[in-house]
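The values are calculated or read from the model by the stated rules, or taken from the named source; none is laboratory data. Owing to the predicted nature of the structure, the values given are computational and were not obtained by experimental measurement. Using ideal geometry, Cβ is built from the backbone for each residue, glycine included, and neighbour counts are taken over all protein chains shown. In case anyone asks, the SASA skips ligands and DNA or RNA and just uses the protein heavy atoms, side chains included. Shrake-Rupley method; radii C 1.70, N 1.55, O 1.52, S 1.80 Å.
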Amino acid sequence: MSKAPSVRSRNFRLVSASALASLLTLPVAAGTLDTVKQRGTLQCGVSEGVTGFSEKDAQGSWRGFDVDFCRAVAAAVLGDKGKVAFTPLSASERFEALKGGKVDLLARNSTWTLEREAQLGLAFAGITYHDGQGFLAKRALNVDGALALDKAKICVEAGTTTQANLADFFKANSMAYEEKAFPSAAEALAGFQSGQCDVLTRDQSALHGERLKLAKPAEAVVLPDVISKEPLGPVVRGDDFAWFNVVKWINFALVNAEELGIASTNVDEALKSQKPDARRFTGAEGGFGKALGLDPDWAIRAVKAGGNYAELYERNLGTGTSLAIPRGLNQLWSMGGVLYAPPLR
């Protein structure tokens with residue numbers, strides 16, 4: 001024979017139910033996606049000026065590969081690529097600015113590392129550019145590779161993975177060097193140009209642009225050696241999985257668009273296509289926009305903003321630009337590169 005619950009037990013249950021009901025009615029803090037929609041503008045953190053990635057042109061407008069990615073996000077989320085505000089950030093302040101909510105997204109030649117995710121509480125939403133660290137050397141040194149840089153004076157930006165990689169490379173090869181560390185990339189370049197060092201080290205993609213800024217570019221050469229893996233990509237705060245998913249899949253959408261042959265120049269054709277993969281991409285079927293908290297045509301809007309991955313690359317970094325950087329690893333996996341995105345299905 002079971003016992004009837006005591007008055008104390010019944011009261012506890014009543015209190016617990018009441019407390020639960022109160023918790024359920026408490027306002028939930030808005031996620032980044034909701035905040036961006038309510039504000040009507042995407043706050044995007046970029047570099048202070050890296051040729052081909054993010055820099056201001058003569059008219060004061062931002063341009064570059066990372067800038068175009070931010071515009072693709074704005075188009076997918078807000079329906080207008082122009083609804084984005086750019087905040088230039090130094091290497092030392094970029095992550096704190098993101099963590100503190102100054103920006104919603106960081107698209108600023110930042111390397112994906114374990115420390116930055118596990119210790120800083122950040123999340124990298126994929127890789128947009130596969131890079132590696134290299135060296136810009138004065139031709140007067142007469143060296144043909146990094147292993148010939150023993151005892152060289154090297155300019156580097158302080159507080160970066162570049163500085164740590166530099167130390168690792170010289171230690172691993174039992175070589176000596178004199179480090180000249182500077183607070184910013186611009187100051188490191190100025191140090192190189194003024195003769196404080198004979199070598200400048202940065203990501204190879206950035207070195208091509210730095211060389212063009214010199215008074216006499218022909219007097220410096222980017223050495224062929226790549227001494228590290230530098231997977232660069234957009235970064236968000238690690239405590240907002242929904243926003244992380246949005247940025248990640250916009251990144252994947254630009255890659256998938258190239259693979260599907262969907263470009264800014266043939267959007268109208270894609271919208272009329274009856275192919276299943278094209279219909280999923282345009283939002284005609286699948287319902288994936290709703291799953292992300294976006295409109296059905298989010299992916300096609302991202303492409304209309306500035307193009308698929310190939311269009312972004314060729315316009316800002318490719319062989320037709322002053323940088324003339326071949327696609328290399330940043331070519332599609334089906335064409336000899338490592339660029340690969342999960343399917344939209």
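Regarding the chain, what is the average projected area of its C-alpha convex hull, in nm²?
Working: hull surface 102.6 nm².
Average of the hull's projected areas for the chain equals 25.6 nm².
Please sort 84-94, 169-179 by packing, taking for each peptide the average over its residues of neighbouring beta carbons within 10 angstrom, highest first. The partial results should precede the final answer.
On the way: 84-94: 18.2, 169-179: 13.7.
Listed from highest to lowest mean packing, they are 84-94, 169-179.
Using Cβ point charges alone (K and R +1, D and E -1), the dipole size of the chain about the Cα centre works out to roughly 1320 debye.
For the range 132-205, with the dipole built from +1 on Lys and Arg beta-carbon atoms and -1 on Asp and Glu ones, taken about the Cα centre, which of Thr161, Asn142, Met175 lies farthest toward the positive end? Farthest along the dipole direction, towards plus: Asn142.
Each residue, Ser174 and Asp57, gets one label point 7 Å from its Cα in the Cβ direction; the gap between the two is 5.3 nm.
Just from its helices, what would the mean residue ellipticity at 222 nm be for the chain, if runs of 4 or more DSSP H residues each count -39500 (n - 2.57) and the sum is divided by every residue, rounded to the nearest 500 deg cm²/dmol?
-11500 deg cm²/dmol
Ligands, DNA and RNA left out, the accessible area of the chain computed with a 1.4 Å probe is 53% carbon and sulfur. Per-residue Karplus couplings for the range 251-268, computed as 6.51 cos²θ - 1.76 cosθ + 1.60 with θ equal to phi - 60°, are listed in order as 4, 5, 4, 5, 6, 4, 4, 4, 5, 7, x, 9, 10, 5, 8, 10, 4, 4 Hz, Gly and Pro entered as x.
Ignoring ligands, DNA and RNA, what accessible area per residue does the chain give at 1.4 Å, in Å²? Provide the component values of the computation, followed by the final result.
Values: 16870 Å² over 345 residues.
Result: 49 Å² per residue.
Could you tell me which of the pairs Lys138/Lys213; Lys56/Lys102; Lys56/Lys213; Lys37/Lys83; Lys138/Lys216 are separated by over 18 angstrom between their Cα atoms in the structure shown? Over 18 Å Cα-Cα: Lys56/Lys102. Distances between placed amide hydrogens fall under 5 Å for Tyr177 paired with Lys151, all partners being 5 or more residues away or on another chain.
Within the chain, antiparallel bridges make up roughly 55 percent of the DSSP beta bridges whose residues both belong there.
Which whole-number percentage describes the relative contact order of the chain, with Cα contacts under 8 Å and a sequence gap of 6 or more? Write out the running numbers ahead of the final one.
Values: 598 pairs, mean separation 68.8, N = 345.
Across the chain, relative contact order equals 20 percent.
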